[in-house]
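Shown next, in structure tokens, is the structure this report addresses.
The values are calculated or read from the model by the stated rules, or taken from the named source; none is laboratory data. Remember, it's a predicted structure, so these values are computed and weren't measured experimentally. Cβ placement follows ideal geometry from the backbone for every residue including glycine, while neighbour counts extend to all protein chains displayed.
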Amino acid sequence: MTHVYSGAAGAKQLTFVLVHGSWADAGYWKETAAELNRLGHEAFAPEYPGHGGDPRTDVTHAEITEAVADDIARRDLRGIVLVGHSFGGSVIQTVAQRIPERIGRIVFMDGFVLLDGQSVADQLPPPVVQQFQQLAQASGGQTIPMPYELYRETFANLADGPLARYLHRQVLPEPAGPLFEKLDLKRFYGLTIPRSYLYLTSDGVLPQGEGYGWHPHMSGRLGVFRLIKAEGDHMSTVKTHPGLIARKLVEAGRD
Amino acid sequence: MTHVYSGAAGAKQLTFVLVHGSWADAGYWKETAAELNRLGHEAFAPEYPGHGGDPRTDVTHAEITEAVADDIARRDLRGIVLVGHSFGGSVIQTVAQRIPERIGRIVFMDGFVLLDGQSVADQLPPPVVQQFQQLAQASGGQTIPMPYELYRETFANLADGPLARYLHRQVLPEPAGPLFEKLDLKRFYGLTIPRSYLYLTSDGVLPQGEGYGWHPHMSGRLGVFRLIKAEGDHMSTVKTHPGLIARKLVEAGRD
Amino acid sequence: MTHVYSGAAGAKQLTFVLVHGSWADAGYWKETAAELNRLGHEAFAPEYPGHGGDPRTDVTHAEITEAVADDIARRDLRGIVLVGHSFGGSVIQTVAQRIPERIGRIVFMDGFVLLDGQSVADQLPPPVVQQFQQLAQASGGQTIPMPYELYRETFANLADGPLARYLHRQVLPEPAGPLFEKLDLKRFYGLTIPRSYLYLTSDGVLPQGEGYGWHPHMSGRLGVFRLIKAEGDHMSTVKTHPGLIARKLVEAGRD
């Protein structure tokens, strides 16, 4: 299932494919996609296995990659701006390996940039990995529930209390497997597709600096890339300021 | 002596206790507290020994802690948002150890977060420590005067010249002892009180990054914390933009 | 040749001397200087050998220094705010050594701050140095052409495409020699001239943090300095927001 947001006729300039992250579904992008439409751009937010309405918990990173890549191919989209948020950063890396010929630019929005052979979990401080492993075990092993306190303080730190609670109520336990898979990314590091990093400067999910963090730690792995910054957090700014996010995605995605 | 700022009747939502830093007194918070009142919150800015009208120079960190904790207890405040600026960060750490049951959240605003057994001076680059020691010796050993040039360039860097001079004229030599005391903070690191870090992004008092700095170096010691950022410097932004500081303290302090 | 921008009569407050960087000429400062004038300040933007209308490619860092210092002396300017952008940072270091008595304050705007005995190239990540050496060899050895892609993504990342292309069309190959010269900066580190660092927070020319970067890596070499920040990139913000840059230069340059 893919949410399709169509721009006004004649206004099409860029075609965005927006890939969400963990503890989220394609609805993450709803308001941002509408704002991109309003600016005259097309936006697609593909859903992937184990998320949205799909109850599966044993999905693999390869299945997620395949779902996103197939959706782009089935629509025969070309020259797309492929955006990945959070865990979605690792997905756009693998999708870019699969269908590089359809991609005009890749944009990471506080997204993981893995080195070849790494997993998403490898990017997290050891205490966080331990916490996630304990949460997974406590819930039966295949999913990681998101505690409200962690979500409120580090995923939605700029939200007021009611918005943080509203957002958290919709969060489902995340399939654990893909977070711990080591990925073969050799082809990614040979690609010459232009890349951008949109950094939301108040994102509290990763430590900022000192060996971790979205920027400059992850972004610095991209070689030559376009840096765009905006004030925002990981989960709530797309809801409270979707116009800002859309404008910054255009700055990140345009030629 | 404590400055009490009362909010309008019926508007009370949060109760802030605002702890100032070195080379300052409770007047540091005057305008910010008024803005918090205007937003419907209570705000108290306790003065502590060796500051404000008190001429003592041989105060200890424990005496400062006791004064703040006693003031909170005497007023029977509960569920407070305990805010510490600069040196006041180390004070809210020790106050939190003493009266954790009265505290709803601790908020560091460019405040020191000491590890167990450390002093505030341990957080400073060695040349700054040497400068402070020389200034203390030159002034008789018990206080550290604040040179205008250092204050203007690094404490009030966003101020215009007249404001920097006006603020500096009110700065008294700081009792040196508490800055060099090693603190027992074992209990602090066992507390589960929620914590926030408000980072003023143009604060020039500490080097930004590379092993020093308010954020992410100090803030990173808090474990899970809520990050809030605002453009500001160490001493003048509370005077020029108290409404901004108050709004950000509410974002940092709310549930 | 020096571009002279005169403020309105009676409005003179500060005298700025604005030193441009590599792959640029004095026209870099045109709009900013006009805004400084509008704010009542004088602004001079000296051109130096091998740039602007001068076709020489074998210029030395000493010749550039001499040209800027001579221009200041010839106009008998005193108490100046000496601003250096990018490579111009290294120039204001050497100019400050030559004519310290004429300088009221030095301001680095995303400018290199070299340690004694270093070159500008020493500040760049090794892959960038290699790229520049290859570009120099490919062009005959004495100049480094600026590839559009590198310029667009890292020098003008905030510009839209048409502006990036417009700016890049005016970029001439940069004389390579001065970028690789090791400079004697012993006197600079003995100077007591006040210094400021204006950091444009979206500048993508250097990696941000982790051993490189304008701030805090370069700025941290200045000892006590005034920090001023503004949102901007390396090359396009002076064109799109010259009023912002001028206001921040005044904040950086005033007493």
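Worth pointing out:
- Output for region C:192-206, where each listed residue is within 14 Å of chain A (Cβ to nearest Cβ) and surrounded by fewer than 20 Cβ atoms within 10 Å (Cβ to Cβ): C:Thr201
- Within region B:127-144, being surrounded by 14 or more Cβ atoms within 10 Å (Cβ to Cβ) and not in a helix (DSSP H, G or I) holds for B:Ser139, B:Gln142, B:Thr143, B:Ile144.
- With respect to being farther than 23 Å from A:Ala176 by Cα and crowded, with 18+ Cβ neighbours inside 10 Å, A:Glu35 fits the description.
Residue-by-condition table, conditions (1) more than 11 Å from chain A (Cβ to nearest Cβ); (2) touching a helix residue (DSSP H, G or I) at 6+ places or on another chain (Cβ under 6 Å); (3) outside any helix (DSSP H, G or I):
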residue	(1), (2), (3)
C:Met218	yes, no, no
C:Arg221	yes, no, no
C:Val224	yes, yes, yes
C:Ile228	yes, yes, yes
C:Gly232	no, no, yes
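One line per residue, one yes/no per condition, for (1) out of contact with any Gly (no Cβ under 7 Å at 6 or more places or on another chain); (2) outside any helix (DSSP H, G or I); (3) within 14 Å of chain A (Cβ to nearest Cβ); (4) crowded, with 16+ Cβ neighbours inside 10 Å:
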site	(1), (2), (3), (4)
C:Thr154	no, no, yes, yes
C:Ala164	yes, no, yes, yes
C:His215	yes, no, yes, yes
C:Val238	yes, no, no, yes
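- The test for being within 10 Å of another protein chain (Cβ to nearest Cβ), closer than 24 Å to C:Pro125 by Cβ and without any contact (Cβ under 8 Å) to a residue 24 or more places away in the chain holds for C:Glu149.
- A search for C-beta distances below 6 Å between a residue of region B:52-69 that is in a loop (DSSP other than H, G, I, E, B) and any residue that is small (Gly, Ala, Ser), counting only pairs 6+ apart in sequence or on different chains, returns B:Gly52/B:Ala26; B:Arg56/B:Gly50; B:Val59/B:Gly50.
- Residue that is in a helix (DSSP H, G or I), away from chain A (no Cβ under 11 Å) and either on the phi < 0 side of the Ramachandran plot or without any contact (Cβ under 8 Å) to a residue 60 or more places away in the chain (or both), where the choices are B:Ala246, B:Ala159, B:Ala252: B:Ala246
- B:Tyr189 at pLDDT 95 or above, buried (at least 21 other Cβ atoms within 10 Å of the Cβ) and closer than 30 Å to A:Glu153 by Cα: no
- Which listed residue, of B:Leu172, B:Leu124, is closer than 17 Å to B:Asp58 by Cβ, of a type outside the set (Lys, Arg) and either in contact (Cβ under 8 Å) with a residue 60 or more places away in the chain or buried (at least 22 other Cβ atoms within 10 Å of the Cβ) (or both): B:Leu172
- Scanning region B:79-107 for residues that are polar (S, T, N, Q) and surrounded by fewer than 24 Cβ atoms within 10 Å (Cβ to Cβ) returns B:Thr94, B:Gln97.
- Residue match in region A:55-73 (condition: farther than 26 Å from A:Gly141 by Cβ and more than 18 Å from the chain's Cα centre (by Cα)): yes
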